[in-house]
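Written below as structure tokens is the structure these notes are about.
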């Protein structure tokens, strides 16, 4: 039986800089340091963490975060904002993309790894399922968020946040919700979309047993054992470097700002998540475009799509044509060229009406 490494902390609540730096080191350790897969289970301090492509100032009320002492940061994986805290399991996994038992392509990877968490929840007595926009749900309500990124060509970082309990009042206070994502606001709106392990069980549960069923589910799913471990010297240097260059660096935290002057903004719900397009025109030519939202992709692919459109015609057929020239399957998980074209056209129409 093969052995994986386990970084596990059920006691200390870690900072966003520490937790995210460790997670980003996991795939690097596999591809550059010869490590076997590493599972990282831990608990964040109360914090709000936006996805890689989000504008943190648009997603969060940072003044309220500071008033509450709630940390905020940006992770390296895509998707939307997550609220972390003492009753949310944080999971990071570094694994090679060709590891036996892991599905092929982005969709296959999500399905394989979501199956592990579905198994863990089943062991707790909860029947969950996977939905395409990279969440786990119970009776249509989100119980876990999933995201991933591939930056080393060999190893992927998989992220998950599993809701044991959830602070809805905190979420309401610190988040700015895009209008296309919610029909109304308030506690009832969120409670209809989110559930927790404790709500499903009907009683409190400690974090330790939840982490144990996750560990057991990975062992069963992949036929491996775990060796509890800590980062070695090489990994500690990587963690320190990432904390300095990313997670304590304002240039990283406040990157992906959305231009706010003379911009049209289009929103479109898709099977892959919410698309948000920010667009400015010079005459009938696309001068600037930002593709963001709650989806899974890579920085390289988003940059390629934006570059393919910049300084080209803003006519619908030309947008589709230029996207098709660089498009490949799963470039944005759950999104195709016609859908992305429609979101861009919406942004253009909103600019015309402004």
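We did not get these values from a lab; they are worked out from the coordinates using the rules stated. What you are looking at is a predicted structure, and each value in this text was computed from that prediction instead of being measured. Cβ placement follows ideal geometry from the backbone for every residue including glycine, while neighbour counts extend to all protein chains displayed.
Okay, here's what the table says:
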read-out	value
Cβ-based exposure ranking for 70, 299, in which fewest neighbours within 10 Å come first	299, 70
Among 131, 45, 66, residue whose mean-square fluctuation peaks in a GNM of the chain (springs only between Cα atoms under 10 Å)	66
Selected from 304, 93, 102 as most flexible by GNM, with the chain as the system and alpha-carbon contacts under 10 Å	304
Average Cα contact separation per residue, the chain, under 8 Å, 6 or more apart, as relative contact order %	19
Three-way shape call for region 2-253 based on the alpha-carbon gyration tensor, with the a/c threshold at 1.5	oblate
Region 218-260: C-alpha gyration tensor shape, a/c 1.5 cut-off, then a/b vs b/c	oblate
Residues 207, 1, sorted so that the one with the fewest Cβ neighbours within 10 Å comes first	1, 207
For region 114-161 versus region 311-342, the gap between their alpha-carbon centres in whole angstrom	28
Net length gained if the chain between residue 63 and residue 219 were fully extended (0.36 nm per residue, minus Cα distance)	51.9 nm
Whether region 1-137 is rounded, prolate or oblate, judged on the alpha carbon gyration tensor where a/c under 1.5 counts as rounded	prolate
